[in-house]
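Written out below as structure tokens is the structure these notes cover.
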Amino acid sequence: MIDPSILRTEPDRLRESQRRRGESVAVVDELVAADQAKRVAQQSFDEVRNQQKLLGKKIGPLQHALKGSDDDARRGVQAELDELMAQANALSEELKAANAAATAAGEVLDALWLQVSNLVNLESPVGGEADFAVIEEVGTPRNFAAEGFAPRDHLELGELLGAIDMERGAKVSGSRFYYLTGPGALLEIALLNLAMQHATSHGLTPMITPSLVLPSAMEGTGFLGQAAENVYRIESDDMYLIGTSEVALAGYHADEIIDAGSLPLRYAGWSTCYRREAGSYGKDTRGIIRVHQFDKVEMFVFCAPEDAEAEHARLLAWEREFVDALEIPYRVIDVATGDLGSSAARKFDMEAWIPTQGTYREITSTSNTTEFQARRLRIRMRDARGTRPLATLNGTLCAMPRIIVALLENHQQADGSVRIPPALRPFLGGRDALEPAT
């Protein structure tokens, strides 16, 4: 969530952020009213509780006085005590009602906060999915016509190589599932090893995370709002399958206070990820670009808020180094405000050139979520300024299927073989190419 003081002192910042996202501006007005109602209700509760405490200070001495008084004095004390006890009983009922009102007002306020996305960075381009800004294009797409052959798409190549089996994936699990077989499985394992080597060389701590998480972790990272339709829920256990290890990594330090001297904390989490791909009917039905289950290496950072933008640039640089090593042409884009996830203040995507589609497709992203997730997950830091929320950031290092798509299509040869870039060869037994299955 967002710092409540911004709602009270600068509500127009929230309204402008919501407008840039294309989300409800009216909810900010509802928040202002709900916040005021919560404070009034809480003040009423505090006033009644204070009255109760003051009354208790009067009752105690009278109860003590009863023990040492003669009969006449005791009757006077008892009468006064009875009157005060009657007031105390009335205050007790009043306190229960005030507490119930404050609790109800707090629940309304909390529910409204869940409808408000993070404050966008004002440098992000405004608009929808197509309104991104291109930061840089790197590498030159191959001219297959000049090389004398038409490129095959990744699925045709995967079948030639004995690397991808969609038919049996659908037979066993349904549409958008697949098997990586033989060289395909080895290629993913090689990518995992290269990604983890790359991450650890930059000081990230490798992690293998849970794939099932509690609702608190999913909600705390912002995946039960606009993204809820793409989340798999295990109803019998009230748990969720993660769509990214970002969720498990963010929740790793939930309810903790981290000493500033240990920041930044940087992790590289490997997990299997699950996405329902709701709303994508008819999109990318061929091959492994858009699937329900895939493996991914995700970077995650906890840092001081004032260091978040520098960390964001660092994550992007590490992603670029990784894709550069794979020799894949790509571009970097600044994602438009209407296409940001609810927790992201700013996001950069890297998109690989896919020859058979004649366009760039997303392969990595990195988001600065500022204090938004940390506030929801109650993660704080302690430094000379006191105890305060920290910032979190995430960045995809290697989403396996899409990287495999880009590798196969960009490094294919006329005979159906696929050249292996040098950075990957040590993890594939030194082989320099994947050859068609015989």
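The values are calculated or read from the model by the stated rules, or taken from the named source; none is laboratory data. What you see is a predicted model; the values in this text were computed from it and never measured. No Cβ is skipped: glycine too gets one built from the backbone with ideal geometry, and neighbour counts run over all protein chains shown.
Would you point out the residue of segment 145-195, among those that are out of contact with any Phe, Trp or Tyr (no Cβ under 6 Å at 6 or more places or on another chain), among the polar types (S, T, N, Q) and modelled with pLDDT of 95 or more, that is farthest from Leu326 (Cα to Cα)?
Per the stated criteria, the residue is Ser173.
Within segment 60-74, can one find any residue that is within 56 Å of the chain's Cα centre (by Cα) and either modelled with pLDDT of 80 or more or in a helix (DSSP H, G or I) (or both)?
Step one: filter segment 60-74 for residues within 56 Å of the chain's Cα centre (by Cα), giving 60.
Restricting the remaining residues to those that are either modelled with pLDDT of 80 or more or in a helix (DSSP H, G or I) (or both) gives 60.
Checking segment 60-74: at least one residue is within 56 Å of the chain's Cα centre (by Cα) and either modelled with pLDDT of 80 or more or in a helix (DSSP H, G or I) (or both).
In segment 381-410, which residue that is buried (at least 20 other Cβ atoms within 10 Å of the Cβ) and in contact with a Lys or Arg (Cβ under 6 Å, 6 or more places away or on another chain) is nearest to Ala317 (Cα to Cα)? Steps first, answer last, please.
Pass one, segment 381-410, residues buried (at least 20 other Cβ atoms within 10 Å of the Cβ): 381, 389-410.
Add one more test, that the residue is in contact with a Lys or Arg (Cβ under 6 Å, 6 or more places away or on another chain), and what stays is 389, 399.
Numbers: Pro389: 26, Ala399: 17 Å.
Ranking the qualifying residues of segment 381-410, first place goes to Ala399.
When you go through (1) more than 26 Å from Val134 (Cα to Cα); (2) surrounded by fewer than 20 Cβ atoms within 10 Å (Cβ to Cβ); (3) in contact (Cβ under 8 Å) with a residue 60 or more places away in the chain one by one for Val291, which number turns out not to apply?
(2) is the only condition that Val291 fails.
So which strands (runs of 3 or more DSSP E) are wholly in segment 246-344 and hold at least 2 residues that are under 30 Å from Glu159 (Cβ atoms) and touching a Gly at 6+ places or on another chain (Cβ under 8 Å)? Spell out the reasoning first.
Values: elements: 257-259, 265-274, 293-303, 330-334.
Qualifying strands (runs of 3 or more DSSP E): 265-274, 293-303.
Collect the residues in segment 116-167 that are closer than 17 Å to Ile333 by Cα, surrounded by 19 or more Cβ atoms within 10 Å (Cβ to Cβ) and not hydrophobic (A, V, I, L, M, F, W, C), keeping them in residue-number order.
Hits for segment 116-167 are Asn121, Ser124.
Looking at (1) within 21 Å of Arg290 (Cβ to Cβ); (2) at pLDDT below 95; (3) among the acidic types (Asp, Glu), find the lone condition where Glu235 falls short.
It fails just one condition, (1).
Could you list, in sequence order, all residues of segment 345-364 that are in a strand (DSSP E or B) and surrounded by fewer than 22 Cβ atoms within 10 Å (Cβ to Cβ)? Full working, then the answer.
Applying the first criterion (in a strand (DSSP E or B)) to segment 345-364 yields 346-354, 359-364.
Of everything in segment 345-364, those that are in a strand (DSSP E or B) and surrounded by fewer than 22 Cβ atoms within 10 Å (Cβ to Cβ) turn out to be Thr359, Tyr360, Arg361, Glu362.
Please count how many residues of segment 209-230 are on the phi > 0 side of the Ramachandran plot and of a type in the set (Ser, Thr, Tyr).
If we filter segment 209-230 for residues that are on the phi > 0 side of the Ramachandran plot, which is where we start, we get 222.
Next, from what is left, pick out any that are of a type in the set (Ser, Thr, Tyr): none.
Matching residues across segment 209-230 total 0.
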